[in-house]
1. Add +1 for every Lys or Arg and -1 for every Asp or Glu among the other residues with Cβ under 14 Å from the Cβ of Gly202, and state the total.
2. Ordered by packing density, taken as the mean number of other Cβ atoms within 10 Å over each peptide's residues, highest first, how do 371-380, 411-420 rank?
3. Before anything else, pin down the relative contact order of the chain: Cα pairs under 8 Å, at least 6 apart, normalised by residue count, whole percent.
4. For Asp439 and Val407 in one chain, what is 0.36 nm times their gap in residues minus the Cα-Cα distance, to one decimal in nm?
5. Putting +1 on Lys and Arg Cβ atoms and -1 on Asp and Glu Cβ atoms, find which of Thr140, Ile346, Val286 reaches farthest to the positive end of the dipole of the chain.
6. Can you tell me which of 60-68, 97-105 comes out highest on packing, and rank the rest after it, using the mean Cβ neighbours within 10 Å?
7. Is the C-alpha gyration tensor of the chain telling us rounded, prolate or oblate? Criteria: a/c under 1.5 is rounded; beyond that, a/b larger than b/c is prolate, otherwise oblate.
8. Quick one: if the Förster radius is 25 Å, what FRET efficiency do Gln335 and Thr398 give, using the C-beta to C-beta distance and rounding to 0.05?
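Computed from the coordinates by the stated procedures, all read-outs in this text should not be read as laboratory data. Since the model is a prediction, treat every value here as computed from it, not as a measurement. Here Cβ is always computed from backbone atoms with ideal geometry, including for glycine, and neighbour counts include all displayed protein chains.
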Amino acid sequence: MKLKYKIGVPALLFAIAGFLFTSIPTGIFAQEPAAAADVATDTTSAEEAPEEEVSSLDSGNTAWMITATALVLFMTLPGLALFYGGLVQSKNVLSVLMHCFTIACLMSIVWVVCGYSLALTGGESKWIGGTTQFFLGGVTEESMNGDFPESVWVIFQMTFAIITPALIVGAFVERMKFVPMMLFCVLWLLIVYVPVCYWVWGGGWLAEKGVIDFAGGIVVHATAGAAALVLAKMLGPRTGFPTKLNPPHSPGMVMTGAAMLWVGWFGFNAGSAAAANNDAGMAMLVTHISAATASLTWMFIEWRKTGKPGLVGIVTGMVAGLATITPASGNVGPQGALIIGIAAGIVCYFACGIVKESLKIDDSLDVFAVHGVGGILGTLLVSFLGTSLGGQGINAETSGAQFGIQVTGVVAAVVLSVVASVVIIGILNAACGGIRVSDEEEINGLDQSHHGEKGYTL
């Protein structure tokens, strides 16, 4: 079995690499003729051409999008890494940090090679983007996305492609092999995230239907949540589940990471306005309101149930509020944000119990209940929380029709994520000799067995 693992994994890696490189269209590294014409290459006219380009660039919007990009990356590194790291046992903290950091690096490269082009380059297809920008062909200092550089747009969207598979880490902490983890994230990004991103944000069939997903309730949270549930089910529970559940080894680390997520989420939602404008301002306000409301709602429910308000509970409620407001943040007002926050705190809290106690699925860090359920809930609620409550774009006459569109978007994304995740896991199980660590490795912790390091030396 060890020999199969050693041979199968490199072969699979080479196969993926071969596909990517052989898929490069001829002339990809050169600008298209039309694009090249827009760039001043004649030195004699170099002084005239930049004048038009400079006038089209809005420095304020550019500065805001650069800031928003940094904030979204901050959500993953170090925010999500610390949040997840604090929730696991001390013997697995480095494993979780390693997963998040590796995913950030790996998804960045995949995004450059083909992800950006397939997700956001328009074409004739309603299902997937074009191939003209593989390896970021045509992305230069002069190329623009509206009134800010395309390079900024590339990396802003890259940070979304980073955090989405990183969210799934919470479902399989403490029991998944490192190499299969990497392969799963690469394949899942290409097969699930990229197509759904195109459907919603790239001009695909869901965009044509008029689906509302301002910052990623469908694209990010619904897809990641569905994959997390499937992976947790197929991987199997941790040793001792459900009778023995180890508490978070560092609630302080959990709170620190969660606070970073809260701050970074302003870039996630307000940055999705793609401008420093009124929409961005309102998105930031409603994001904060929803997070605060969901935090308190979760805390009071837990307080009533257990007799004590818990730190881990209140910050988990905050994350639920952020995930739920995400798809609606561009369309609801403050009153709508209050409703969404309350709904997120209640629904996501009880969803955690349903997954673990009723379904007996060890979604270790409640990825599906918090992100999946939250993202779906916000996607559906946006249909009814529009103009009457201070928002924009949705009114009572169109709510019913919009709800049907939102349901279509959710179902399509979830079905693709579930089916693709099952297939990918099946392939990796066969190619890697299983994706789960041995019982001995699980007992000893993945920090030492997989990475040869300790999180803490006492």
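1. Result for the neighbourhood of Gly202: -1.
2. Put in order of decreasing packing, that is 371-380, 411-420.
3. Value for the chain: 22 percent.
4. Net length gain for the segment: 7.4 nm.
5. The one lying farthest along the dipole's positive direction is Ile346.
6. 97-105, 60-68
7. It is oblate, given that a/c is not under 1.5 and a/b is not larger than b/c.
8. 0.85
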